[in-house]
Amino acid sequence: MKRALGRLGRAGVLLVLAGCAGPALRQARTDLSAGNYPAAHRELLEARAAANLPEWQRREIDNDLCRVEHQIGAPSYPLNEQDQVCLRAAREGAGASAVIAAEVETERRDELARAIPQALAGSDLAEAEREIGEYAALPGADQGAIRQWSQQLWAAIKRQDEADAKAERGLLRPAILQVARRYPEVHRMSEAAFAAWVEHRLTIDGAPLVSRVSFDRRRLTLELRPDKAGVAALNLDRFAVVNDGLVARCACPGETNVAFERNDLPAYLVRFDPALRQSAILVLAGP
């Protein structure tokens, strides 16, 4: 994503810091004038690290960091990194950086819209999930496309589950019987009682981790509360216990899908491992 110098113009990336002190800042101005943007970037970072910088000076440095990274482009500065730098400058009141940030977000959105179908087609489910989540967080994201990709992602997960179940069929029966002996009470529970059993095990210090519990004979679907994602990550064993309870209840290789409440993308997949005779957590992406 190399950009021609004329796009911003050399004058457009000169620091507006008349009278400022510091050798790093003075050298940055020299390198910017000469079009030596990598060196200027290093010097701007050094200048920004100086103690007791006035806010107006920090704002001007951040504005120029945004412009320089955009000028250099990827792969040295990926679009998501450029976006973070320019948004920081924009929040500080640098209007030029706000314009660049909007342009970078559009480019990143288009880049992800091309990459997500490729990841799905290649069965790289973790990468697809990460990219869909990043796309969804960008302004102007196409909600219809997000729903379509999410459906394709869940369909790919289902195909993988079916292939795994076929390969493990010979191990299932004795493993399921062993789990059923660990949770004899769940088989006799009504649907409402089993839902309450699940909610109880997914409640920590009086606060539930999930906002919705639904299930059919062999699949449990949970929606993870956004404010509990960090707590859930530290208590994944509870989701494994819940899925073991489902296995014991249905006498089948039950599965639990934990989705992020905000966008229905997979947070955790809990699958029964007949070799281990217990459920295991599959993490596609972090919260």
Original post:
Using the reciprocal of the averaged 1/r over all distinct C-alpha pairs, how large is the Kirkwood radius of region 170-283 in Å?
Top reply: 14.0 Å
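Of the peptides 185-192, 245-252, 274-281, how do they stack up when ordered by the mean number of other Cβ atoms within 10 Å, highest first?
The packing order, highest mean first, is 245-252, 274-281, 185-192.
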Subject >> Within a Gaussian network of the chain (alpha carbon springs, distance under 10 Å), most fluctuating of Ala136, Ala24, Ala126 >> reply: Ala24
**OP:** Two decimals is fine: what's Rg over Rh for the chain, C-alpha atoms, Kirkwood radius as Rh?
**Re:** 1.16
**OP:** Select from Asp227, Asp110, Asp142 the residue whose mean-square fluctuation is largest in a Gaussian network model of the chain (Cα-Cα springs shorter than 10 Å).
**Re:** Asp227
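Every number here is computed from the coordinates shown, using simple stated rules; none is lab data. Please read all numbers here as calculations on a predicted model, not as lab measurements. Every residue, glycine as well, gets a Cβ built from its backbone with ideal geometry; the counts of neighbours run over all protein chains shown.
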